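Encoded as structure tokens, the structure appears first; notes follow it.
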Amino acid sequence: MAAERAHAHQSIAEADLPAWDAVRSLLLRRPELIADDADLLRALGLRPANVIDFTALARVEADRQAEHTARQEIEAVAEANYTAQTQSQTAILDLLEARNNADLAHRLDVAARDRFSLQGAVLAVEAPGPVPAGWRQLPEGGVDALLGEGALLRLGRVSLADHLFKGADLPGSVALVGIHPWPHRPGLLAFSAADPEGFTPEMGAELITHIAEVAQRIAARWPVL
């Protein structure tokens, strides 16, 4: 019997391993295929009791593999969240060093590119009135037009936001957050991602809105003259 097993092992080793892996994966998912095949049972020298045991073990193995995969996915998400939080805190510390509103806009754009691998970030404010250097000017009502009336956040593909990123590649998706740094001057912070799935309506936006709140408070330090 040992010699037969050794011969069988050698045969598998010499066979097309990808094909064997596919067969093994199928049997782990559907062990009843063996239990219901009398001819195959006889060829394998298995009794019904053996098949019941094999079926149970196969299901345990399949559950174990599924649990392992799920754990890996959870660990990957946790690691990504930790990295994003760390990068966000570092970016905020850098924003706090801004010397004026033009410097704030520049630092936000650099943080978006270097820390979050985005296409960039833009600050914008509605007319009428002066616009800080490095910011974009929106027409009156422009914030509601981009976000939706009364909304403070919008994620996904927003073609109306393309003009905010003039001189750069068109965004695949954007994150738009409303800000209000000066009385009667609504504005927004816009992040641009090349990936159409970079920002989606379903994703969490706590870190994005937190950065926008910090940017709003920093911008309010300096009046727009």
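The values are calculated or read from the model by the stated rules, or taken from the named source; none is laboratory data. This structure is a prediction, so every number in the text was calculated from the model and none was measured. Cβ sites come from the backbone with ideal geometry, for glycine too, and all protein chains shown count toward neighbours.
Being surrounded by 13 or more Cβ atoms within 10 Å (Cβ to Cβ) and part of a loop (DSSP other than H, G, I, E, B) is the filter here; which residues of the stretch 131-147 pass it?
131, 132, 134, 135
Looking for something at pLDDT 95 or above, under 17 Å from residue 220 (Cα atoms), surrounded by 14 or more Cβ atoms within 10 Å (Cβ to Cβ) and among the aliphatic types (A, V, I, L, M) - is there at least one such residue anywhere in the stretch 113-123?
Taking every residue of the stretch 113-123 in turn, at least one turns out to be at pLDDT 95 or above, under 17 Å from residue 220 (Cα atoms), surrounded by 14 or more Cβ atoms within 10 Å (Cβ to Cβ) and among the aliphatic types (A, V, I, L, M).
Consider residue 175 carefully, then state whether it is crowded, with 19+ Cβ neighbours inside 10 Å, in contact with a Phe, Trp or Tyr (Cβ under 6 Å, 6 or more places away or on another chain) and free of Cβ contacts under 8 Å to residues at least 40 places away in the same chain.
Judged against the criteria, residue 175 is a match.
Find all pairs meeting these conditions: Cβ atoms under 8 angstrom apart; at least six residues apart or on different chains; first residue within the stretch 152-167 and surrounded by fewer than 18 Cβ atoms within 10 Å (Cβ to Cβ); second residue in a helix (DSSP H, G or I).
152/209; 153/147; 153/208; 153/209; 160/145; 160/146
Being modelled with pLDDT under 90, part of a helix (DSSP H, G or I), crowded, with 18+ Cβ neighbours inside 10 Å and not acidic (Asp, Glu) narrows it down to one residue among 80, 91, 105, 84; which is it?
91
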